[in-house]
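Read the structure below first, then the notes.
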Amino acid sequence: MNRRDFLYATGTTLALSSKLAFAEEATKPYVMTVNGTLAADELGTTLPHEHVMVDFVGAGEVSPDRYDTDDVFRRVLPYLKEAKAAGCDAFFDCAPAYLGRDPKLLKRFADASGLHMITNTGYYGAGKGKYLPMHAFKETADQLTARWTKEWTNGIDGTGIKPGFIKIGVDKGELTPVNRKLIEAGARCHLKTGLTIASHTGDGVAAMDQLEVLKKEGVSPSAWIWVHAQNEADVEFQKRVAQTGAWIELDGLSNQEESIKKHVALVKSLRDAGSLERVLLSHDAGWYTVGQIRGGEVRGYTTLSKQFVPALKDAGFEDAEVRQLTVTNPAKAFAIGIRKA
């Protein structure tokens with residue numbers, strides 16, 4: 001083979017190799033952080049439901065003018081650094097729009113703490129609609145879908161920061177018309193973006209109602225997370241929902257012995273039912289509360305790593321099962337991709 005033929009052959013091979021590598025990278029599961037895309041398998045130990053800041057004043061009065069970002073930053077950063085030092089790698093901030101969401105502040109926290117921070121799109125309908133903007137009552141599900149999809153396409157409020165999941169919320173019992181509309185919008189937004197739907201859900205009845213809406217919209221249960229599932233006293237609801245392929249999020253962990261025992265028992269129950277691969281764990285902690293002096297009491301994010309994981313091991317869970325719960329499951333739950341029914 002002469003030099004010309006050699007260069008042609010190797011050049012073609014290298015080009016083909018480069019294209020194959022690009023194609024492989026493009027199809028690799030990924031998540032969206034406030035700093036851009038990240039391979040899902042690089043997410044690491046994950047807290048799927050936490051808060052940096054919340055503002056409970058209501059959608060009609062909520063505003064960035066109500067808090068000092070520097071004060072929030074100084075107050076909360078030590079807790080995030082503590083979580084990072086304890087082994088946490090990724091932090092999903094679940095404060096939705098009109099309830100304390102601040103993507104720019106989250107990016108500042110991510111850069112300062114070394115954590116992968118993820119924000120959201122969507123609206124929170126629990127609390128009997130207090131945290132919903134007026135247009136949420138008037139607009140159709142398709143109009144809400146367009147709003148949330150635009151945040152995925154263009155970034156949130158001119159920041160260029162994109163959401164990594166859809167956060168919605170519904171009250172207990174059968175879905176109200178506005179809450180049903182939020183689920184429909186969440187489902188349609190998922191089909192356009194591939195973002196997972198994390199839904200604050202009052203009880204098992206509301207959970208089952210949402211699964212029916214998802215089914216009608218053509219969305220797989222695997223695209224939906226039952227947030228606060230530990231609050232449903234009837235464990236059979238959790239088992240039934242897990243068997244559909246939906247995610248069961250047990251996110252009420254605190255350093256109180258009762259909380260740890262309750263969550264260990266729930267995880268064990270779901271493992272015994274063959275559904276450990278559908279379980280997510282978190283604290284629902286933090287909560288710098290706008291309107292309170294210095295944000296009020298802020299709760300840290302280390303109970304999972306420092307107390308709950310040892311409690312799981314004492315209960316007979318193996319290292320591989322702990323990794324399933326803290327690393328594998330979150331990466332799979334939040335990997336972006338359209339999941340049809």
When the Kirkwood hydrodynamic radius is evaluated over all pairs of different C-alpha atoms of segment 93-192, what value in angstrom, to one decimal, is obtained?
13.9
Segment 120-214 - percent of accessible surface contributed by carbon and sulfur, probe 1.4 Å
50
Read-out Rg and Dmax of the Cα atoms in Å, candidates [x] 21.0, 78; [y] 22.6, 77; [z] 19.9, 66; calculated match is [x]
Carbon and sulfur atoms: what percent of the 1.4 Å accessible area of segment 239-279 do they account for?
44
Residue-normalised 222 nm signal for the chain, counting each DSSP H run of n ≥ 4 as -39,500 (n - 2.57), nearest 500 deg cm²/dmol, is -13000 deg cm²/dmol
Just to confirm, what accessible area per residue do you get for segment 170-288 at 1.4 Å probe, in whole Å²?
36
Heavy-atom accessible area of Arg271 with all protein chains present, probe 1.4 Å, nearest 10 Å²?
60
Keeping all protein chains in the complex and leaving out DNA, RNA and ligands, what accessible area do you get for Glu217 with a 1.4 Å probe, in Å² to the nearest 10?
40
Mean Kyte-Doolittle hydropathy of -1.0 or higher plus an axial Cα length of 30 Å or more: which whole DSSP H helices in the chain meet both?
3-27
Expressed as a whole number of Å, what is the distance separating the alpha-carbon centroids of segment 158-213 and segment 227-266?
19
Toward the positive end of the charge dipole of the chain, about the Cα centre and with charges on Cβ (Lys, Arg +1; Asp, Glu -1), which of Trp247, Asn154, Val213 goes farthest?
Asn154
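The values are calculated or read from the model by the stated rules, or taken from the named source; none is laboratory data. What you see is a predicted model, and the numbers here were worked out from it, not measured in a lab. Methodologically, a virtual Cβ is constructed for each residue, glycine included, from the backbone with ideal geometry; neighbour enumeration extends over all protein chains shown. Side chains included, ligands, DNA and RNA excluded: accessible areas come from the protein's heavy atoms. Shrake-Rupley method; radii C 1.70, N 1.55, O 1.52, S 1.80 Å.
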